[in-house]
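Below you'll find the structure, written out as structure tokens, and then a few comments.
The values are calculated or read from the model by the stated rules, or taken from the named source; none is laboratory data. Owing to the predicted nature of the structure, the values given are computational and were not obtained by experimental measurement. Please note: Cβ atoms are built from the backbone with ideal geometry, for glycine as well, and neighbour counts cover all protein chains shown. Side chains are part of the model used for accessible areas, which takes the heavy atoms of the whole protein and leaves out ligands, DNA and RNA. Shrake-Rupley method; radii C 1.70, N 1.55, O 1.52, S 1.80 Å.
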Amino acid sequence: MAVLVAVALFLAATGALIAKIPDLVASPSVPTDHAFIYPLLGDPVRWNPCESIHYVVNLGRSPAGSLDDIAVAVGRVSAATGISFVYDGITDEIPLRDRAWVQPERYGPGWAPVVIAWVDPSETDIRFTADGKPAAAVARPWVPIGDRVIVSGWIVINDRDPNPPGFSGPGAQGPTVQHELGHIMGLDHVDSTAEMMHPAGGRVIDFGAGDLAGLAELGAENGCLETPEA
């Protein structure tokens, strides 16, 4: 079952689509509209909310304004979960599907920070697809084999995504990054277009009631966990 945790986390964490969201009838946002990537024995796999989540960013192929988009998205996730985030600066890492989760030469001892990177699809073995369609971004939270606490992860944004930076609309870069951070925290996709965790990002530019309820369950209100040793 421990192996299935890592597999399920990767398979479920696919990102918002490049294509604009079709004209669907918007559904109401309700707190029950959330799902977890891997609910283990009834409890969702999550981070230890009593420790900060560290992250680094590779902006080499990003458009102007991308770091601001990350800051806004991270702030919203932090507010929804009660978990603090620490920005550790710029990295040159280009994530691979089976990224090394401990990289002492690059990041020092302990688990490698979450990496958020804009990449050319030809530079990585990560596939930019979601439900068989081209994807603007994909994410993978990571749980050590035999454990149930998320300790790291990656988000990769397709540098060919034509949508603009900012939060001007559901297809923009800001909501895409925020959607992927939802996966990093442990949220899975839902069917409601009123939620940001809809496979195509929903018809929204911020978390819906269901997203927020799920993030709260993944956050500080459910108490500390023991982070495994790297």
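Results, tabulated for the structure shown:
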| quantity | calculated |
| --- | --- |
| Per residue, in Å², the accessible surface of segment 156-217 once ligands and nucleic acids are set aside, probe 1.4 Å | 26 Å² |
| Given charges at beta-carbon only (K, R positive; D, E negative), |dipole| of segment 34-160 in Debye | 300 debye |
| D43 paired with E123, simple spin-label distance in nm, labels 7 Å along Cα-to-beta-carbon | 4.0 nm |
| Protein-only accessible surface order, largest first, of T32, T176 at 1.4 Å | T32, T176 |
| Of all accessible heavy-atom area on segment 121-230, the percent that carbon and sulfur account for (1.4 Å) | 48 percent |
| Solvent-accessible heavy-atom area per residue, rounded to whole Å², over segment 50-137 at 1.4 Å | 48 Å² |
| Percentage of interatomic Cα-Cα distances in segment 43-106 larger than 13 Å | 72 percent |
| Cα gyration tensor, segment 73-154 - rounded (a/c under 1.5), prolate or oblate | rounded |
| Coil-residue GluC sites (Glu not before Pro) of segment 51-147, DSSP, other Cβ within 10 Å capped at 11 | none |
